[in-house]
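Structure first, commentary second.
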Amino acid sequence: MKNISKFKCFGIGNIHLRSEQQTVSDKILLTADRTLMSDYHHNEFIGFGTCAPPNVIPDWLYKFLFFPPIKTKDGIPIAAPYGLRKIEAQLLSEGFDVLTVDPDHIGKHINEAKVLGVQVMDPFGAGPASSTLAAVLKKEPFLAQYFRILMEKPEIKRAKKHGLKIIVGGSGVWQFRYRPKFVEEHGIDCIVDGEAEKVIGKLVRAALNNEELPKYYEVGVKEAPSLSEIPEIVAPSINGLIEIGRGCCRGCKFCSVTLRPLRWYPYEKILKEIEVNKKDGYANNACLHAEDVMLYGSKNTIPNDEKLLKLHELAVEKCDGVGWSHCSLATVAAKPKLFSEVGEIIKEKQPWWGAEIGIETGSPELAKKIMPAKAHPFKAEEWPEIVRTGMGLMHDNKLIPACTLIVGSPEETEQDLIKTIELMDDLKDVRSLIVPLFFVPMGRLKDEEWFKETQITELHQELLIKCLKHDFYWIDNLIDLSFAGKWYSRLIRPFYRLFVEIIRYKVKKAGIK
């Protein structure tokens, strides 16, 4: 692999990049749909609003609140989704002529392109959050709408007629297995499922040579890149998100990430990407991404105190603020002193931080069946107490969790639901969002049946209403915290409050008290 630090930069700072030793002259375009090409008012968790369908406010206002277009220059975005940046860096290192473009400006560049790479996260709204909201509101989610809008752009259709090859990748590619007709109708040539660093070059080269591409390429375990084979990004990622590791050691049955090997990035690799995001002043904050940030540098489910503390000391020294993508309740409960120490480091620069948290169930019996290792180093039978302890520590240390619950797991019983409802009562004083999600067959449960709204029982309804009330109770406080200290907070907060009040009114009108 060529040293990516040798790339010359053109355009906005380091946005439009070419290799010094260009070996392939045909242009490769990379893009994603409008809901992914946004920085969500610099708050990553606002991006969850893209999972919703059109609802109680005009679409233009909803788009402004939850996924405004990212800034561009000549159609080139100042930042792009992290996964897209990794593919960009990999292709550049192999000598390809690569350009990442905003979806609304793709027409300016498509005529020069021979290959179009598209990143997807939830292309048909089949993911847990979007499918749940779509089932409740009976409409197609925004993220599914905008993926279809991207693929149906006239300029892409014209380019297809002139030989353009389309390669799709990203965490949502599993959904294409359910939509083979869409794949054919929209001329998608290849779908890549998995970590693509070691395979994307040969697929793109085959596309440029007009060779036949595999319709669905599943990256095998032996093709997973080692740390040295994963390039650092060479242009800013949205909201300063950077990986600190890949894979997960917990093995939850409903998750596909656990099928990948666990690897932790060295400090130097992480700091290089922080510097890339800071260049040209895009992101002075870093969002550290891993399935469990607390496990950074560990070899099992016990946090490594020294490595975790050093990571955060280095990150805070470089940045104005640090956030997390994901964290597990078990690691927080296992090392409360360490968690508090990390929190103190983070709060040197900011009053709070956030992370996505999987509660999934309040039932130890169900936890033992579908996610026994999620409780490690404790026992699955202790899961409800782990949740209460972990959530309490997060509240005390100003970490605001966005939590998920799985509704309708294959082996779920009424008793499981009752215990989850009881757990919700225990969490009412914990500052958090808790979102119930219908079961979607993924990971080792990919052959199970989808949970549908027609299967909702009275206990399911009770759980959903409890979650709704919990979120209503905390939402005003969370809005204030999200925009505290930002110059535009007085301008934008009233719009979010209005949106919440309209939802409250609709809920009350529906008879939910």
TODO: Check I456 against each of (1) farther than 30 Å from L399 by Cβ; (2) touching a helix residue (DSSP H, G or I) at 6+ places or on another chain (Cβ under 6 Å); (3) aliphatic (A, V, I, L, M) and name the one condition it does not meet.
DONE: (2)
- [ ] State whether the residues of segment 226-241 include one that is over 25 Å from the mean Cα position of the chain (by Cα) and in a loop (DSSP other than H, G, I, E, B).
- [x] no
- [ ] Return the pairs, sorted by first residue and then second, in which the second residue is among the acidic types (D, E) and in a loop (DSSP other than H, G, I, E, B), the first residue lies in segment 390-415 and is assigned by TED's automatic domain parsing to the domain that holds V293 and closer than 23 Å to C255 by Cα, the beta carbons are less than 9 Å apart, and the residues are 6+ apart or on different chains.
- [x] I406/E412; S409/E448; P410/E448; P410/E449
Task: Residue list for segment 409-422, filter: part of a helix (DSSP H, G or I) and surrounded by fewer than 21 Cβ atoms within 10 Å (Cβ to Cβ) - done: E414, Q415, D416, I418, K419, I421, E422
- [ ] Please go through segment 38-78 and pick out each residue that is touching a strand residue (DSSP E or B) at 6+ places or on another chain (Cβ under 6 Å) and either modelled with pLDDT of 90 or more or surrounded by fewer than 16 Cβ atoms within 10 Å (Cβ to Cβ) (or both).
- [x] I70, I76
Open item on the list: Looking at the structure I just gave you, is Y488 farther than 21 Å from I359 by Cα, surrounded by 14 or more Cβ atoms within 10 Å (Cβ to Cβ) and of a type in the set (S, T, Y)?
Closed with: no
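Does L329 fit the bill of being touching a residue at least 24 places away in the same chain (Cβ under 8 Å), crowded, with 16+ Cβ neighbours inside 10 Å, within 28 Å of G251 (Cβ to Cβ) and touching a strand residue (DSSP E or B) at 6+ places or on another chain (Cβ under 9 Å)?
So L329 fits the description; yes.
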Open item on the list: Tell me yes or no: at least one residue of segment 317-331 is basic (K, R) and assigned to a loop (DSSP other than H, G, I, E, B).
Closed with: no
Task: Counted residues, segment 42-65 - those being part of a helix (DSSP H, G or I) and within 25 Å of W487 (Cβ to Cβ) - done: 14
Task: Single condition L227 does not satisfy, out of (1) of a type in the set (A, V, I, L, M); (2) buried (at least 16 other Cβ atoms within 10 Å of the Cβ); (3) touching a Lys or Arg at 6+ places or on another chain (Cβ under 8 Å) - done: (2)
Open item on the list: If I go through segment 151-165 residue by residue, how many of them are surrounded by 15 or more Cβ atoms within 10 Å (Cβ to Cβ) and closer than 17 Å to I28 by Cα?
Closed with: 6
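In this structure, is D476 over 25 Å from V387 (Cα atoms) and assigned to a helix (DSSP H, G or I)?
Against the criterion (over 25 Å from V387 (Cα atoms) and assigned to a helix (DSSP H, G or I)), D476 does not qualify.
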- [ ] Looking only at segment 456-472, count how many residues are within 23 Å of E44 (Cβ to Cβ) and loosely packed, with under 15 Cβ neighbours inside 10 Å.
- [x] 1
Open item on the list: Among the listed residues V430, V435, identify the single one that is farther than 18 Å from T413 by Cβ, under 24 Å from the mean Cα position of the chain (by Cα) and modelled with pLDDT of 95 or more.
Closed with: V430
- [ ] Scan P261, P336 and give me the residue that is free of Cβ contacts under 8 Å to residues at least 60 places away in the same chain and within 30 Å of M442 (Cα to Cα).
- [x] P261
Open item on the list: Among the residues that make up segment 128-141, is at least one of them over 27 Å from G201 (Cβ atoms), surrounded by fewer than 21 Cβ atoms within 10 Å (Cβ to Cβ) and of a type in the set (K, R)?
Closed with: yes
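Yes or no, residue by residue, for (1) under 17 Å from E360 (Cβ atoms); (2) in a helix (DSSP H, G or I); (3) without any contact (Cβ under 8 Å) to a residue 40 or more places away in the chain:
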residue: L468; (1), (2), (3): no, yes, no
residue: F472; (1), (2), (3): no, yes, yes
residue: W487; (1), (2), (3): no, no, yes
residue: F495; (1), (2), (3): no, yes, no
residue: V500; (1), (2), (3): no, yes, yes
residue: Y505; (1), (2), (3): no, yes, yes
Task: Pair list, Cβ under 6 Å, 6 or more apart: segment 54-79 residue within 25 Å of I503 (Cα to Cα), other residue assigned to a loop (DSSP other than H, G, I, E, B) - done: P54/K139; F67/T35; F67/S38; P68/S38
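Each row is one residue, and each column tells you yes or no for (1) modelled with pLDDT of 95 or more; (2) surrounded by fewer than 21 Cβ atoms within 10 Å (Cβ to Cβ).
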residue: I167; (1), (2): yes, no
residue: S171; (1), (2): no, yes
residue: F182; (1), (2): yes, yes
residue: G187; (1), (2): yes, yes
residue: I191; (1), (2): yes, no
residue: R205; (1), (2): yes, yes
residue: L208; (1), (2): yes, yes
residue: P214; (1), (2): yes, yes
TODO: Scan segment 258-268 for residues that are buried (at least 18 other Cβ atoms within 10 Å of the Cβ) and either part of a helix (DSSP H, G or I) or among the acidic types (D, E) (or both) and report the count.
DONE: 1
Open item on the list: in contact (Cβ under 8 Å) with a residue 12 or more places away in the chain and on the phi > 0 side of the Ramachandran plot: is that true of G297 in this structure?
Closed with: yes
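The values are calculated or read from the model by the stated rules, or taken from the named source; none is laboratory data. All of these numbers come straight from a predicted model, not from anything done at the bench. No Cβ is skipped: glycine too gets one built from the backbone with ideal geometry, and neighbour counts run over all protein chains shown.
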